[in-house]
Amino acid sequence: MLLRFILAFLVITLTGCGAPTLPPRGAESPLAYDRAEVARAPRLAILVPGAFASVSIFAAADRWRDAGYALVYYRFPGLDGLPLDHALRIETAADTIAEFAREHPGKKIRLFGYSAGGPIVIEAARRLEGYDVRAAALAPSPDHAGGIRTTLRGTLDLLGAARRAGTFDRDAVWEEYYRVLLFGRAGLADPELAELSRRIAAEQRGKILVPDREMARAHTRDLRQWRLEPVPDWLQPRVRIYLGREDPIFSLDQTLAVAQKAGDGGVYAYPRQGHLMFLTGPRVFDDVLAFFEDP
């Protein structure tokens, strides 16, 4: 029974399998922003979260406003008030962001994407040749969402989470899995990080989204088919990749493969950090801002 539960849960959350039923565009724009702020700011920071993530993960970017940035958020289907009436498409999302950027000539365009948002901002930047554009990707999804390697790692992590939880309850298993996402597998063996992960998971209880089949399909189906093509020479120095060194979802070598196609081939890896650095390692926001402001 436990194995059937874990495998069914894995299918829903990691592979989002099933026939596509939703169009690539919905009834509302996925972009959310303050028009007056955008009009007066000399810089636009377009922030793209990952699958099953709210734009609230970018709370630490609020201080970027002091540096002259207007914040523009790209919402995923079914989150942050956007209806679940369409499915995420990497190319469509990139087109939407690039079209918005072109509507604001003369402004510096800065793109920051997390996980599934990483491919989106890289593709959007590719469309903005001739603009003052830079793109930063935190824990970006590699080709085909990591493929079988990521799926197998997720299977083992979910099995371990169910064992630690001692229950088949989906919410309890997901909370234990969330602890792995915070600081990686090594964090469970480190007494300090293990205790910190318990406290953070408890604080986030009720806020942790456990996706259903429809949302999983809408957020991940296209990502599993996507493959990054090498970016042009003009864009490579304008892309930077960041990663928690203990990220349990996307390994360092997978992320290096993204970097070799997208930028200078290097990855800024943070020790003792997992997949949720927006929560556990907010200094990355300062590092990204420094990259955005670098002459």
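The values are calculated or read from the model by the stated rules, or taken from the named source; none is laboratory data. On a predicted model such as this, the values are computed, not experimentally measured, just so you know. Quick reminder, even Gly has a Cβ in these numbers, built from the backbone with ideal geometry, and neighbours come from all protein chains shown. Each accessible area value is taken on the protein alone, full model and side chains, heavy atoms only, with ligands, DNA and RNA left out. Shrake-Rupley method; radii C 1.70, N 1.55, O 1.52, S 1.80 Å.
Here are the numbers:
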read-out	value
Per-residue [θ]222 nm for the chain (sum of -39500 (n - 2.57) over DSSP H runs n ≥ 4, rounded to 500)	-13000 deg cm²/dmol
Helix axis angle, 191-204 relative to the chain longest principal axis, alpha carbon, degrees	70 degrees
Helix 170-183 vs. the chain, principal-axis angle (Cα, 0 to 90°, nearest 10)	60 degrees
Protection proxy ranking of 51-57, 28-34 - average other beta-carbon atoms within 10 Å, highest first	51-57, 28-34
The chain: relative contact order as a whole-number percent, Cα under 8 Å and 6+ apart	22 percent
Zero-based 5 Å bins, Cα pair distances in segment 101-258, whole percents	2, 8, 15, 18, 17, 15, 11, 7, 5, 2, 1, 0
Sum of side-chain charges, ALA93 neighbourhood, beta-carbon under 13 Å (Lys, Arg +1; Asp, Glu -1)	0
Counted charge near PRO42, where neighbours are those whose Cβ lies closer than 14 Å (Asp, Glu -1; Lys, Arg +1)	+2
Per-residue SASA entry for ILE148, accessible area with 1.4 Å probe, Å² rounded to 10	110 Å²
Within-10-Å neighbourhood charge of PRO142 [Cβ basis; K, R +1; D, E -1]	+1
Whole-angstrom gap from segment 266-281 to segment 181-260, using each part's C-alpha centre	9 Å
Gyration tensor (alpha-carbon) shape descriptor, segment 200-248, a/c threshold 1.5	oblate
Accessible surface of the chain [probe 1.4 Å, protein heavy atoms]: carbon and sulfur percent	53 percent
Degrees separating the helix 283-293 axis from the principal Cα axis of the chain, which is the longest one	20 degrees
